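Below: one structure, written as structure tokens.
Every read-out reported here was derived from the displayed coordinates using simple, explicitly stated rules and does not represent laboratory data. All values reported here derive from a predicted model rather than from experimental measurement. Don't worry about glycine lacking a Cβ; one is built from the backbone with ideal geometry, like all the others, and counts go over all protein chains shown.
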Amino acid sequence: MPSKGGSMANIKCDQCGAKMDFAPLFYREGDLEITCLRCPVCCSEYVASVTDSALRGQIERYQRMARMIADREMPEGFIRAAERLHARNVQRSRVLRESFLALP
């Protein structure tokens, strides 16, 4: 059973063209956490993101680094390391999402 998230985003459904706020739904399948959007008009579902525990840990690490950068002056090397971590996280998320979508 999916759980509903709190944030909303105004987007357009590819299937029916409805423009409205879609609340994200969260599913768990083993170690994977899948975030989906479901159109309230036609019930089409879109996978927004897929993460595993390793990626969620790296996302948390990046978020801590980003807060540190926002709170105070950090060395350039630290900022670049945070940028590299973010890029790796985005790439890993894409790989997980594509792998999940390829499942039967």
Quick one: if you stick a label point 7 Å off each Cα along the C-beta vector at Ser53 and Ala81, how many nm between them? 2.5 nm
Two-decimal Rg to Rh for the stretch 56-104 - Kirkwood Rh, Cα set: 1.15
Of the options Ile11, Cys43, Gln58, report the single residue whose Cα projects farthest towards the positive end of the charge dipole of the stretch 1-95 (beta-carbon charges: Lys, Arg +1; Asp, Glu -1). Gln58
In debye, nearest 20, what is the charge dipole magnitude of the chain about its Cα centre with +1 on Lys and Arg Cβ and -1 on Asp and Glu Cβ, if you could check? 120 debye
List the trypsin sites (Lys or Arg not before Pro) within the stretch 50-104 that fall in a DSSP loop (any state other than H, G, I, E or B) and whose Cβ has at most 14 other Cβ atoms within 10 Å. Arg72
Dividing the helical contributions, -39500 (n - 2.57) per DSSP H run of n ≥ 4, by the residues of the chain yields a 222 nm value, nearest 500 deg cm²/dmol, of -15500 deg cm²/dmol
